[in-house]
1. Got a sec to turn the phi values of segment 82-89 into Karplus ³J(HN,Hα) couplings, 6.51 cos²θ - 1.76 cosθ + 1.60 with θ = phi - 60°, whole Hz, x for Gly and Pro?
2. Going by amide H atoms built from the backbone, whose H comes under 5 Å of the H on residue 51, apart from near neighbours?
3. Whole-Hz ³J(HN,Hα) for each residue in segment 124-135, computed from phi via Karplus 6.51 cos²θ - 1.76 cosθ + 1.60 with θ = phi - 60°, x for glycine and proline: what do you get?
4. Relative contact order for segment 23-156: what percent, with Cα pairs under 8 Å and sequence separation of 6 or more?
5. Between 0 and 90 degrees, rounded to the nearest ten: what's the tilt of helix 2-17 against the longest Cα principal axis of the chain?
6. Once label points are set 7 Å from the Cα along Cα→Cβ at both residue 169 and residue 140, what is their separation, rounded to one decimal in nm?
7. Please enumerate, by chain and number, the lysines with C-alpha under 25 Å from the C-alpha of residue 80, excluding those fewer than 8 residues away in the same chain.
8. Tell me, what HN-Hα J-couplings in whole Hz come from the Karplus equation 6.51 cos²θ - 1.76 cosθ + 1.60 at θ = phi - 60° for each residue of segment 146-154, using x for Gly and Pro?
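Only the coordinates and a few stated rules stand behind these numbers; no lab work does. Remember, predicted model here, so these are calculated numbers, not experimental data. Don't worry about glycine lacking a Cβ; one is built from the backbone with ideal geometry, like all the others, and counts go over all protein chains shown.
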Amino acid sequence: MKKCFSILLLICLMAALVPAQAATTNLAAIRINEFMASNGKTIDDKNGESTDWIELYNTSDEDVNIQGLCLSDGKKNLEKYVFGDTVIPAHDYLLIFATGTEEVVDGEIHVSFKLSASGEKVVISYQGVILDSISFDEQEKDVSMARVDERNWKYTSLPTPGAENAFED
Ligand SMILES: [Ca+2]
Ligand SMILES: [Ca+2]
């Protein structure tokens with residue numbers, strides 16, 4: 001009886017230690033989904049500044065831990081920002097602010113570069129392999145570039161930082 005109880009206790013302990021739904025590390029499921037290189041009145045970061053922002057999207061049915069994923073504004077230095085232990089839930093978004101100062105403000109990720117409104121790139125990579133990238137030209141204030149589908153991007157004056165992309169008719 002005592003042995004039975006011990007085994008039961010062990011099972012309970014193990015169940016508590018193993019997360020119910022472990023996130024995968026399937027970085028191929030992560031896309032750059034939207035960004036804004038000239039943010040006027042669209043959204044403020046948690047410092048109250050209207051800084052550039054980048055939205056990532058998890059296209060998969062499983063939560064993905066993006067630890068080790070790199071984010072940059074060019075291909076020369078891919079590792080301008082390396083994500084720590086960060087989970088993007090299935091079919092969910094992660095909003096990052098390109099403020100020029102690397103910090104986490106109340107859970108909000110800020111990176112050490114900005115996006116140039118006269119044109120630049122957004123690149124995600126892992127260990128030197130580019131997983132997704134978008135090159136852009138001159139950007140208008142409060143107009144974002146948003147992914148329409150796997151291949152196409154469009155400007156939109158209905159920016160949706162952290163939510164499903166929206167476009168004018
Ligand atoms: Ca830049
Ligand atoms: Ca969006």
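1. 10, 5, x, 5, 9, 9, 9, x
2. Amide H to amide H, under 5 Å and 5 or more residues apart or across chains, residue 51 pairs with 45.
3. 10, 8, 9, 6, x, 9, 6, 9, 6, 7, 9, 9
4. 27 percent
5. Approximately 0 degrees, to the nearest ten.
6. 1.9 nm
7. Within the straight-line limit of under 25 Å, residue 80 reaches these lysines: 46, 114, 121, 141.
8. 10, 6, 8, 7, 4, 9, 10, 10, 9
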